[in-house]
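To start, the structure under review is shown below, and the notes come after it.
The values are calculated or read from the model by the stated rules, or taken from the named source; none is laboratory data. The shown structure was predicted, so the numbers you read here are calculated from the model rather than taken from an experiment. FYI the Cβ positions are ideal-geometry reconstructions off the backbone, even for glycines, and counts take in every protein chain you see. With ligands, DNA and RNA removed, areas are computed over all heavy atoms of the protein, side chains included. Shrake-Rupley method; radii C 1.70, N 1.55, O 1.52, S 1.80 Å.
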Amino acid sequence: MTGVPPTPMEQALLEAEAAAARGEVPVGAVITNAAGDVIASDGNRMRERLDPTAHAEVLVIRETSKILGELRLTDCDLYVTLEPCPMCAAAISFARIRRLYYGASDPKSGAVDHGPRLFQTNTCHHAPEVYGGLAERRAARLLLDFFKSRR
């Protein structure tokens with residue numbers, strides 16, 4: 001099956017692996033348009049950029065907005081390997097992302113189905129459709145292996 005492009009979640013997992021290779025927490029993200037074409041993909045770059053906001057989700061939202069020349073990404077879907085944190089969930093809401101697909105749940109720092117559940121609050125401007133658990137085992141294994149290797 002050579003020549004077959006990876007699915008958006010597979011590409012997000014590849015970005016997470018690349019982030020781990022750079023010494024970053026292995027989280028990867030991809031944004032597609034309504035047709036499923038990838039617009040932007042990246043992994044965490046906080047250490048590399050010395051920027052605590054350089055989460056994968058924020059990076060692909062910024063890049064997609066730049067490419068499309070739009071603040072609102074209403075026809076875009078976001079694939080990310082880990083349940084977004086409060087900062088990323090807020091960015092997803094502000095960008096008006098259409099659908100969010102995530103891999104591993106994050107009971108400690110997640111803000112979608114755990115913690116503050118940002119999209120369910122009265123103050124949330126926009127809540128995307130949310131689908132959790134895509135490639136969950138592989139995404140969780142990347143994180144577990146990464147942190148295990150650092151202990």
* Per-peptide average of other Cβ atoms within 10 Å, ordering 54-67, 36-49, 107-120 highest first -> 54-67, 36-49, 107-120
* Structure fact -> What the Cα atoms of the stretch 27-151 span along the principal axes, largest first and in whole Å, is 42, 31, 28
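List the relative contact order of the chain as a percent without decimals, with contacts defined as Cα pairs under 8 Å and 6+ residues apart.
Rounded, it is 19 percent for the chain.
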* Can you give the net charge of the other residues whose Cβ lies under 11 Å from the Cβ of residue 100, counting K and R as +1 and D and E as -1? -> -3
* **Probe 1.4 Å, protein heavy atoms only - accessible area per residue of the chain in square angstrom** => 53 Å²
* Structure-based [θ]222 nm, the chain - -39500 (n - 2.57) summed over DSSP H runs of at least 4, per residue, nearest 500 -> -11000 deg cm²/dmol
* Which percent, to the nearest 5, of DSSP beta bridges fully inside the chain are antiparallel? -> 50 percent
* Short version: ³J(HN,Hα) in whole Hz for each residue of the stretch 67-75, in order, from phi by Karplus 6.51 cos²θ - 1.76 cosθ + 1.60 (θ = phi - 60°), x for Gly and Pro, what are they? -> 4, 7, x, 9, 7, 9, 10, 5, 9
* To the nearest whole percent, what portion of all C-alpha pairs in the stretch 79-139 is separated by more than 20 angstrom? -> 15 percent
* Using θ = phi - 60° and the Karplus curve 6.51 cos²θ - 1.76 cosθ + 1.60, what whole-Hz ³J(HN,Hα) does each residue of the stretch 24-33 get, with Gly and Pro shown as x? -> 8, 4, x, 10, x, 9, 9, 10, 10, 7
* Can you list the HN-Hα couplings for the stretch 110-126, worked out from phi with the Karplus curve (6.51, -1.76, 1.60; θ = phi - 60°), rounded to whole Hz and with x for Gly and Pro? -> x, 9, 9, 10, 9, x, x, 6, 3, 5, 9, 8, 5, 8, 6, 6, 8
* Counting only residues 5 or more places away or on other chains, whose amide H sits under 5 Å from the amide H of residue 82 once H atoms are built in the peptide plane? -> 28, 103, 104
* Asked: Round to a whole number: what % of the accessible area of the chain belongs to carbon and sulfur, probe 1.4 Å?
  -> 54 percent
